[in-house]
Amino acid sequence: MQTQSPLRKKTNPARYGFAMFGTSIPINMFKSFAAIFYVDMLGLEMTKYSAVLFIYTFVDAIDNPVYGFLSDRTRTKWGRRRPWLLIGTPLLVLFFILFYNVPSVIQTEKGMLFVYMLLMYILTGTLDSLVNANYGALFPELFKKDDERAKTNGFRQICQLFAMAISIALTPMITDKIGYRLTALIYGALALAVMMFCFWGCYETEEVEDEERPKLIDSILALITNPKFWIFGFAGAFYSAAFSLISQAIPFYVKYTLKKEGATTTIMLGTVLVVAVIGILIWSKIVKKWDIMKVWRTGFMIMAVSFIPLYFVSSLPAAIAIACVVGFGVAACLTTMDCIGAKIVDDDFRRHGVKREGIISSLMGIMNRLNGLYTSLAFYVVSKSFGFVNGDNPGTDPALASRVLLCVFPAAAMIVASVITFFLKFNGEKENE
């Protein structure tokens, strides 16, 4: 006889979606300004920063499926996901704050600085994986219908973009005034309050105590033999790489190509995010008439094309105009990607009859985080090709180096991603149901 979990209360979609604001605040500052903080400010060599990204990618490939597996097999009166979220969130915030609060004795010793950054990067990154594996697993479980998913995800992505407006676009201005240490502390406190409030109100409505628990090897085999997983995963990985390079490379582009200060970085990043918020509202209307797959592919192609003219401009107005196009393409991707991922979860349950949202979410997370290999390669190639060592020694042509980092590598990634999207099909389904 099946016993129902006491968590039968329906989760408020707005409360679930608002958690994305909290999860995005620390992790976007963490990943967007790690390079400019450690390389340009603290003097860590760019090749060593590249090594950190490279090493962490493999750590992330191991921890993600483990977290998803443990989450799927957890059985408590509070549900499967909520205990992990409530434990992992404070730890994530703690190590995020430590990442930007480097002890002064370590700052003066470059060998120790590399070790400290590597350790804090791994700890912050792995706890982000823990939180997002469980948070992402709740989405297809709590919201079953496509229209409910679309509305919830639209609100969630807008919350993420508002968080990015703070943690990415406004950060250069804020850190100019109060520094990275205090900024990280404020962002961490804000994120902790939001996430703990939202996660406490997430209720897993269909949990049963004695349902079949997924097996790790069987789950991995089922997923890796599913072509949809690989197609969606690789497309997402290249998109994530391009998006990651945007936030990391724009500060270099502003400083060395446009020859402007931190406020200009805020303007450019803010432009991308504001247009993306507006774009989500537009694409949410368009997706009612177009197949969701068509919107997804269109977003990828818009991003791919927009990076090309950005390489040739050197004025702020032209760069901002192109940033608007990038933001509109980003909006199409954000509107559709999680909904397509949820379809893959549904497809797996129909085929195998086992609920394993955690493992699937975490394995998809691995694919997205493969972008670390690509971004690591981008920083390494730019460093070696243009002699860009750090802020004290930026090489002979840092302007060209920053153009290649911001334009060439993201454009190549999005062209590949756009081609891959045409191979993903859900047979017999109208994608805009």
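The values are calculated or read from the model by the stated rules, or taken from the named source; none is laboratory data. Remember, it's a predicted structure, so these values are computed and weren't measured experimentally. We place every Cβ from the backbone using ideal geometry, glycine too, and count neighbours over all the protein chains shown. Areas reflect the complete protein model, heavy atoms only, side chains present, ligands, DNA and RNA absent. Shrake-Rupley method; radii C 1.70, N 1.55, O 1.52, S 1.80 Å.
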Does residue 332 meet the test of being under 14 Å from residue 154 (Cα atoms), part of a helix (DSSP H, G or I) and either modelled with pLDDT of 90 or more or open to solvent by 50 Å² or more (accessible area, probe 1.4 Å) (or both)?
yes
Can residue 191 be described as part of a helix (DSSP H, G or I), touching a Phe, Trp or Tyr at 6+ places or on another chain (Cβ under 6 Å) and closer than 14 Å to residue 30 by Cβ?
no
When the residues of the stretch 17-26 are filtered to those that are surrounded by fewer than 24 Cβ atoms within 10 Å (Cβ to Cβ) and not small (Gly, Ala, Ser), which remaining residue is nearest to residue 251 (Cα to Cα)?
21
Residue pairs meeting the criteria (Cβ under 7 Å; at least 6 apart or on separate chains; first among the hydroxyl-bearing types (Ser, Thr, Tyr), in the stretch 115-142; second outside any helix (DSSP H, G or I))
116/102
Limited to the stretch 284-321, what total is found for residues that are of a type outside the set (A, V, I, L, M) and not in a loop (DSSP other than H, G, I, E, B)?
12
So which pairs qualify, if the first residue must be in the stretch 174-203 and farther than 13 Å from residue 23 by Cβ, the second must be buried (at least 20 other Cβ atoms within 10 Å of the Cβ) and acidic (Asp, Glu), the Cβ gap must be under 7 Å, and the two must be at least 6 apart or on different chains?
none
I'd like the residue in the stretch 86-129 that is part of a helix (DSSP H, G or I) and at pLDDT below 90 and, out of all such residues, is nearest to residue 72 (Cα to Cα).
129
Do we find that residue 150 is closer than 30 Å to residue 363 by Cβ, of a type outside the set (Phe, Trp, Tyr), in a helix (DSSP H, G or I) and open to solvent by less than 10 Å² (accessible area, probe 1.4 Å) in this structure?
no
Of all the residues that make up the stretch 39-64, how many are over 24 Å from residue 200 (Cα atoms), modelled with pLDDT under 80 and either hydroxyl-bearing (Ser, Thr, Tyr) or open to solvent by less than 30 Å² (accessible area, probe 1.4 Å) (or both)?
0
Inter-residue pairs, beta-carbon under 8 Å, first touching a residue at least 12 places away in the same chain (Cβ under 8 Å) and in the stretch 224-243, second aromatic (Phe, Trp, Tyr) and crowded, with 21+ Cβ neighbours inside 10 Å, 6+ apart
235/300; 237/374; 238/374; 239/300; 241/374; 241/409; 242/307; 242/409
Quick one: count up the residues across the stretch 70-85 that are assigned to a loop (DSSP other than H, G, I, E, B) and within 17 Å of residue 358 (Cα to Cα).
7
Any hit, the stretch 166-178, residues being modelled with pLDDT under 85 and surrounded by 18 or more Cβ atoms within 10 Å (Cβ to Cβ):
yes
Farther than 20 Å from residue 27 by Cα and among the charged types (D, E, K, R) - does that describe any residue in the stretch 47-56?
yes
Only one of these is of a type in the set (Val, Ile, Thr) and within 29 Å of residue 367 (Cβ to Cβ): 389, 408. Name it.
408
Can you say whether residue 274 is of a type in the set (A, V, I, L, M), under 20 Å from residue 166 (Cα atoms), surrounded by fewer than 21 Cβ atoms within 10 Å (Cβ to Cβ) and under 20 Å from the mean Cα position of the chain (by Cα), as far as the supplied structure shows?
yes
Some residue of the stretch 95-108 being open to solvent by 10 Å² or more (accessible area, probe 1.4 Å) and under 30 Å from residue 203 (Cα atoms):
yes
Selection count, the stretch 376-413, where residues are of a type in the set (Val, Ile, Thr) and modelled with pLDDT of 90 or more
4
Hey, among 257, 225, which residue is of a type in the set (S, T, N, Q), more than 23 Å from residue 368 (Cα to Cα) and out of contact with any Phe, Trp or Tyr (no Cβ under 8 Å at 6 or more places or on another chain)?
257
Go over the candidates 116, 121 one by one and state the one that is under 15 Å from residue 29 (Cα atoms), out of contact with any Cys (no Cβ under 9 Å at 6 or more places or on another chain) and not small (Gly, Ala, Ser).
121
Considering only residues that are touching a Leu at 6+ places or on another chain (Cβ under 6 Å) and touching a residue at least 40 places away in the same chain (Cβ under 8 Å), which ones fall in the stretch 85-106?
88, 92, 93, 97
